[in-house]
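Student: This structure is in structure tokens; I'll ask about it shortly.
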Amino acid sequence: MLCLYAALSQDLSRNMKIGILTSGGDCPGLNAVIRGAVLKGIAIHGHEFVGFLDGWRGVVGGDIIGIPRTLVRGIAKEGGTILGTSRTNPFENGGGPDVIRDHMERLGIDAIIAIGGEGTLAAAKRLTDAGLKIVGVPKTVDNDLEATDYSFGFDTAVQIATEAIDRLRTTAESHHRCMIAEVMGRHVGWIALHAGMAAGAHAILIPEQKVSIDRITQWVKEAHTRGRAPLVVVAEGFVPEHMETPHSERGLDTFGRPRLGGIADQLAPELEARTGIETRATILGHIQRGGVPSALDRVLATRLGMAAVDSVVGGLWGTMVALNGTGIEHVGFQEALAQLKVVPQKRYDEAAVLFG
Ligand code: F6P
């Protein structure tokens, strides 16, 4: 953690013009971050805010809108982002530090608050290294950044997934079927672990744990033998023991990453063939990222947005705000990007006691 208060003394008095962007996949709570930053920035420091449209695309193109206080009125409860988002790489499409610096000078923008995930923060780090004044707010519905205990959007995604799985169970029990629910989780299985535990899954399959089809079959059969309708919760990034990489048949995204989704569809016929139990797959997909953020996410997002203004005021360029316990800290991009927050073996073993 950096010593905020030493840095804070450097620049408290000057009004600044701050640009905000939201980048990468949308996530419940983005608007609450924007509101938190704008309200604190205006009320405490008299700063002015503008928003870059559609993430780095707006930064590269110098495409902005003003964010007066009236624009953020009541938006903490709204899903999505009022600024739009994209998976644009700021070093491509005619971008790069010189182009962005020119836009900032022309538009009178002193600093940028970049709200985004791993890709966004990595790009922000490169731009900060090139001398641009950027601070970050971590956004990942997958909750996969080690440097922050929780990220906003995760709680909402887990709640949505849990509710959806509860509904699947009604059908599963009525029809005596096995249900496979696929949730998000590219590199880590936090959503699957939490939603699976909350919904009482008979098996939870996550990217961190290779599991054989034989083992999954056994769990399904055990549950069925006890008269239950077996429920399997699988993260999109799960790799069964016989596969090398996550299932992907939807091409690549703009960062060149495989678009995931569909492992549940692969598993369903295999499990049905092995168990003789009618098995259906449901892929929840973007449903998990949409709609109203939970109260927890609104509070976390608001606090992170407010803390991001402290980062700017303190000149803590190249840092992101992060949750540590119940407190907010400022962590260097380097440290923030160093490690993925994977589900520890202990947490998986704890959940696995209830499988089958
Ligand atoms: O990174 C968050 C995430 O929701 C992943 O779980 C998922 O693989 C990816 O985004 C999907 O991205 P897109 O909205 O571009 O399809």
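Student: From the list Asp297, Asp310, which residue is buried (at least 17 other Cβ atoms within 10 Å of the Cβ) and more than 16 Å from the ligand (Cβ to nearest atom)?
Tutor: Result of the check over Asp297, Asp310: Asp310.
Student: How many residues are in a loop (DSSP other than H, G, I, E, B), of a type outside the set (Gly, Ala, Ser) and within 30 Å of Val220 (Cβ to Cβ) if we restrict to region 316-356?
Tutor: 7
Student: For residues that are touching a His at 6+ places or on another chain (Cβ under 8 Å) and open to solvent by 70 Å² or more (accessible area, probe 1.4 Å), scanning just region 259-294, find the one that is farthest from Thr171 (Cα to Cα).
Tutor: Checking each candidate, the answer is Gln266.
Student: Which residue out of Ile204, Ile191 is crowded, with 19+ Cβ neighbours inside 10 Å and either within 14 Å of the ligand (Cβ to nearest atom) or not assigned by TED's automatic domain parsing to the domain that holds Val158 (or both)?
Tutor: The match here is Ile191.
Student: Evaluate region 169-180: report whether one residue or more is surrounded by fewer than 24 Cβ atoms within 10 Å (Cβ to Cβ), under 24 Å from Arg87 (Cβ atoms) and not aromatic (Phe, Trp, Tyr).
Tutor: No, there is no match, as no residue in region 169-180 is surrounded by fewer than 24 Cβ atoms within 10 Å (Cβ to Cβ), under 24 Å from Arg87 (Cβ atoms) and not aromatic (Phe, Trp, Tyr).
Student: Here is a follow-up. Counting only residues that are out of contact with any strand residue (DSSP E or B) (no Cβ under 9 Å at 6 or more places or on another chain) and either closer than 18 Å to Ile277 by Cα or among the acidic types (Asp, Glu) (or both), how many does region 219-241 have?
Tutor: 7
Student: Of the numbered conditions (1) of a type outside the set (Phe, Trp, Tyr); (2) away from the ligand (no atom under 15 Å from the Cβ); (3) in the same structural domain as Thr22 (by TED's automatic domain parsing), Thr120 fails exactly one; give the number of that condition.
Tutor: Failed condition: (2).
Student: Among the residues of region 242-258, are any free of Cβ contacts under 8 Å to residues at least 12 places away in the same chain, open to solvent by 20 Å² or more (accessible area, probe 1.4 Å) and assigned by TED's automatic domain parsing to the domain that holds Pro138?
Tutor: No - not one qualifying residue is present in region 242-258.
Student: Let me ask something else about it. Residue pairs, Cβ under 7 Å, 6 or more apart or interchain, first in region 105-118 and more than 16 Å from Pro90 (Cβ to Cβ) and open to solvent by 30 Å² or more (accessible area, probe 1.4 Å), second away from the ligand (no atom under 14 Å from the Cβ) and outside any loop (DSSP other than H, G, I, E, B). List them.
Tutor: Gly108/Lys17; Asp110/Lys17; Asp110/Ile18
Student: Test Thr128 against the stated conditions and say whether it is in the same structural domain as Ala322 (by TED's automatic domain parsing), surrounded by 24 or more Cβ atoms within 10 Å (Cβ to Cβ) and outside any strand (DSSP E or B).
Tutor: no
Student: Out of the residues in region 323-334 that are more than 18 Å from the chain's Cα centre (by Cα) and of a type outside the set (Val, Ile, Thr), which is farthest from Val312 (Cα to Cα)?
Tutor: Selected residue: Gly325.
Student: Read through the list (1) more than 26 Å from Thr254 (Cα to Cα); (2) touching a residue at least 60 places away in the same chain (Cβ under 8 Å); (3) more than 13 Å from the ligand (Cβ to nearest atom), then give the number of the only condition that Ala161 fails.
Tutor: Among (1) more than 26 Å from Thr254 (Cα to Cα); (2) touching a residue at least 60 places away in the same chain (Cβ under 8 Å); (3) more than 13 Å from the ligand (Cβ to nearest atom), the lone unmet condition for Ala161 is (3).
The values are calculated or read from the model by the stated rules, or taken from the named source; none is laboratory data. Here the structure is a predicted model, which means the values were calculated and not measured. Positions of Cβ are backbone-derived with ideal geometry, glycine not excepted, and every protein chain shown enters the neighbour counts. For accessibility, only protein heavy atoms count, side chains too; no ligands or nucleic acids. Shrake-Rupley method; radii C 1.70, N 1.55, O 1.52, S 1.80 Å.
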